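Every read-out reported here was derived from the displayed coordinates using simple, explicitly stated rules and does not represent laboratory data. Only a predicted model underlies this, so the values are computations on that prediction, with no experimental measurement involved. Every residue, glycine as well, gets a Cβ built from its backbone with ideal geometry; the counts of neighbours run over all protein chains shown.
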Amino acid sequence: MTGGPGTNDPARFRAPRIDLFGLLPVAFGMSADQIAGPAWLRDVGSNSYTIDATMPPDTTKEQFLAMLQNLLVERFHLVFHREKRSFPGYALVVDRDGPRFKEVPPTPDANPGAASGLLSARRGSDGFPDGPGPLTMTIMSGGGLKRTKYQERTMADFISNLGLLIGSSQAKSVRDGFLQPRVVDKTGLTGKYTFILEYYDASHTPEGVPLFAPGAFSAAASDADGGGPSIFAAIQKQLGLRLDKTADIPLDVIVVESVEKVPTAN
């Protein structure tokens with residue numbers, strides 16, 4: 001999108017090669033697991049579209065979402081209803097002996113999330129590229145070990161996709177229709193922190209996905225049988241935190257009753 005909703009410049013929404021399972025969460029401002037419908041919606045490659053639309057300047061986020069929903073209704077003949085469903089819930093708390101990481105001072109004038117040049121950057125002793133500011137970097141091995149470095153991140157940053165990581169580590173993906181856990185921060189930790197989390201991810205590909213560097217895994221990440229700790233054990237043993245099961249969390253879900261694969265012509 002150039003200009004974007006809420007600016008004084010002409011706004012444009014362009015989504016090249018997006019499928020309905022990718023578009024529906026955007027249109028309703030929800031996570032992908034809050035969209036339920038026919039199984040073919042989740043099939044990668046079963047439907048793919050390029051959407052190029054403009055909107056008036058100063059379009060609000062709410063208006064933008066309403067426009068996308070209208071597009072789905074008018075062009076794809078979407079019929080849906082809302083209902084409540086219970087999602088697994090966890091509370092992230094500090095374990096008995098306290099956190100095993102310390103608060104770090106933020107890098108002055110760092111561009112948050114900047115990844116430019118990381119692939120060619122020098123590797124540090126931890127195997128990750130040296131880069132300033134808030135960064136989240138992941139290395140995966142062919143054996144399913146996932147190693148993620150959270151650099152200058154808050155607890156809010158850490159839990160923002162922790163539910164998805166829990167689901168993925170258990171091979172319960174959104175694409176397979178599994179509800180992903182929701183995690184709330186009950187640690188009371190308010191600073192920025194740098195730490196590395198290593199755990200076994202059951203959704204790994206056989207060949208592995210080395211996203212930044214091949215880097216060796218520490219002994220803490222490998223069990224005798226060649227597997228590794230669950231994400232729950234890793235968070236407790238490596239970070240000094242703990243995931244406690246809480247009451248399930250009721251959330252709105254969009255249930256797709258019917259939708260056309262082929263939209264009406266322009």
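Just a few scattered comments:
- Separation of the alpha carbons by more than 19 angstrom is noted, of K149/K186; K84/K261; K186/K245; K146/K237; K102/K192; K149/K237, for K149/K186; K84/K261.
- Placing dummy labels 7 Å off each Cα toward the beta-carbon, the span from D58 to S125 is 5.7 nm.
- The stretch 228-250 versus the stretch 135-196: alpha-carbon centroid distance in Å: 10 Å
- Karplus (6.51, -1.76, 1.60) ³J(HN,Hα), θ = phi - 60°, over the stretch 74-87, in Hz, Gly and Pro reported as x: 6, 9, 10, 6, 5, 10, 8, 9, 9, 8, 8, 9, 8, 9
- Between amide H atoms placed 1.01 Å from N, distances below 5 Å from T54 occur with F13, all of them 5 or more places distant or on a separate chain.
- The protection proxy used here, the mean number of other Cβ atoms lying within 10 Å of each residue, ranks peptides 95-104, 163-172 as follows, highest first: 163-172, 95-104.
- Among 145-158, 51-64, the order from most to least packed when residues are scored by Cβ within 10 Å on average: 145-158, 51-64
- Shown in residue order for the stretch 37-43 are the 3J(HN,Hα) couplings computed by the Karplus curve 6.51 cos²θ - 1.76 cosθ + 1.60 at θ = phi - 60°: x, x, 4, 5, 4, 8, 7 Hz (x for Gly and Pro).
- Once backbone amide H atoms are built at 1.01 Å from N, L145 has D201 as its partners under 5 Å, excluding neighbours fewer than 5 places away on the same chain.
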